[in-house]
Protein chains: 2
Amino acid sequence: MKIGELARQSGLTAHTIRYYERIGLLPRADRDHARRRDYDASILTWIEFLGRLKATGMPIRDMLRYAELRAGGAATEPERRRLLERHREAVRARVATLQDCLLVLDGKIAGYAGSSERTNDDDAINPRPIHDDERHAVQRQQRSGSPVARPARAR
Amino acid sequence: MKIGELARQSGLTAHTIRYYERIGLLPRADRDHARRRDYDASILTWIEFLGRLKATGMPIRDMLRYAELRAGGAATEPERRRLLERHREAVRARVATLQDCLLVLDGKIAGYAGSSERTNDDDAINPRPIHDDERHAVQRQQRSGSPVARPARAR
DNA sequence: GCTTGACTTAGAGCGCGCTCGAACCCTTAG
DNA sequence: CTAAGGGTTCGAGCGCGCTCTAAGTCAAGC
């Protein structure tokens with residue numbers, strides 16, 4: 001299978017596939033006699049799993065870690081498991097946050113009743129810690145040692 | 001309330017608060033005699049709501065739209081409502097996706113049984129459309145006309 | 001033989017949402 | 001009077017995850 005075909009089947013662009021190979025998320029592809037990438041269909045399974053990790057907000061560096069462990073063979077399975085378990089917890093937490101926010105949205109929408117009854121705005125329902133951007137929530141939970149230590153802001 | 005105090009109470013940094021004001025997410029703050037921002041506690045309610053929108057993945061440009069509508073008075077309420085309703089749907093869809101992915105994770109983790117029983121890898125459970133990165137899912141649903149038309153790639 | 005078009009590489013550029021630095025201003029405590 | 005410590009503006013820089021350009025190679029169809 002050529003890269004174009006894989007792109008079609010995976011939903012990634014050829015550019016992205018090459019990028020993933022470059023950074024190590026995908027194994028270096030076999031080449032045909034003309035040095036073009038020639039894929040086995042089995043790669044789709046891996047790409048699909050990567051898609052799940054991405055869809056759940058795992059940063060590339062963590063997917064990379066998982067990919068490396070995978071390449072390291074069966075001995076790394078316990079660690080891979082731990083990695084996924086930690087990630088699962090992060091995702092669960094995120095789902096909880098989203099559901100919490102949905103309640104707020106519901107309340108707010110109800111405030112804009114029927115076609116317009118109340119003028120009330122700004123009502124905060126269900127207060128809870130905010131500004132914990134979910135895009136980074138996973139990282140924060142999973143990253144242990146950052147390369148350049150961040151100032152550990154109070155927040 | 002000075003910006004530092006607001007930062008402490010809201011969980012944002014002073015830098016971010018100024019940035020939000022600059023782009024229009026926060027109304028221009030009143031200044032004291034020394035031209036320093038002086039906030040009323042009521043701003044916290046708005047920041048908290050913005051936090052909810054952010055936590056649910058709404059891009060800043062949409063929050064901005066909402067903020068503009070809000071400034072436009074009661075006449076804009078129906079549109080504000082529609083905006084929130086659309087967003088709510090996007091969030092619900094995201095929750096569904098995450099839950100779907102959680103099932104896959106559960107299966108994968110179960111595959112790395114007890115402390116190590118199977119060597120099985122790569123098992124794709126519960127296949128479904130992937131590579132629909134949630135970070136952008138909301139935008140795609142909500143954006144109507146993009147400034148520079150994107151090539152509308154097949155994907 | 002020539003065109004078409006999918007492929008190759010290296011590397012630059014982009015959109016997002018901050019985040020920070022520089023240089024300066026003002027107030028307050030000692 | 002001085003120094004600390006918060007505030008101000010403007011604009012540059014960053015981390016992420018792509019996304020695209022340029023210049024070239026190769027193979028198949030007419």
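The values are calculated or read from the model by the stated rules, or taken from the named source; none is laboratory data. If you're wondering where the values come from, they're calculated on a predicted model, not measured in any experiment. In this analysis, Cβ positions are derived from the backbone assuming ideal geometry, glycine residues included, and neighbour counts consider all displayed protein chains. In case anyone asks, the SASA skips ligands and DNA or RNA and just uses the protein heavy atoms, side chains included. Shrake-Rupley method; radii C 1.70, N 1.55, O 1.52, S 1.80 Å.
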Legend entry - Label geometry 7 Å along the beta-carbon vector: A:Pro78 inter-copy distances in nm: 6.4
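If you take each beta carbon of peptide B:86-99 and count the beta carbons of other chains within 10 angstrom, what is the mean?
Numbers: counts 0, 3, 7, 0, 0, 5, 4, 0, 5, 7, 1, 3, 8, 3.
Counting Cβ atoms of other protein chains within 10 Å of each residue's Cβ and averaging gives 3.
Mind grabbing the interface size between A and B? I mean buried accessible area, both sides, 1.4 Å probe, in Å² to the nearest hundred.
Values: alone 11460 and 11460 Å², together 17290 Å².
For chain A against chain B, roughly 5600 Å² becomes buried.
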Inset, instruction - Normalising by the residue count of region A:1-102, find the relative contact order in percent from Cα pairs under 8 Å and 6+ residues apart. - result: 20
Legend entry - All lysines inside 20 Å of A:Lys108 as judged from Cα atoms, apart from same-chain residues fewer than 8 positions distant: B:Lys54
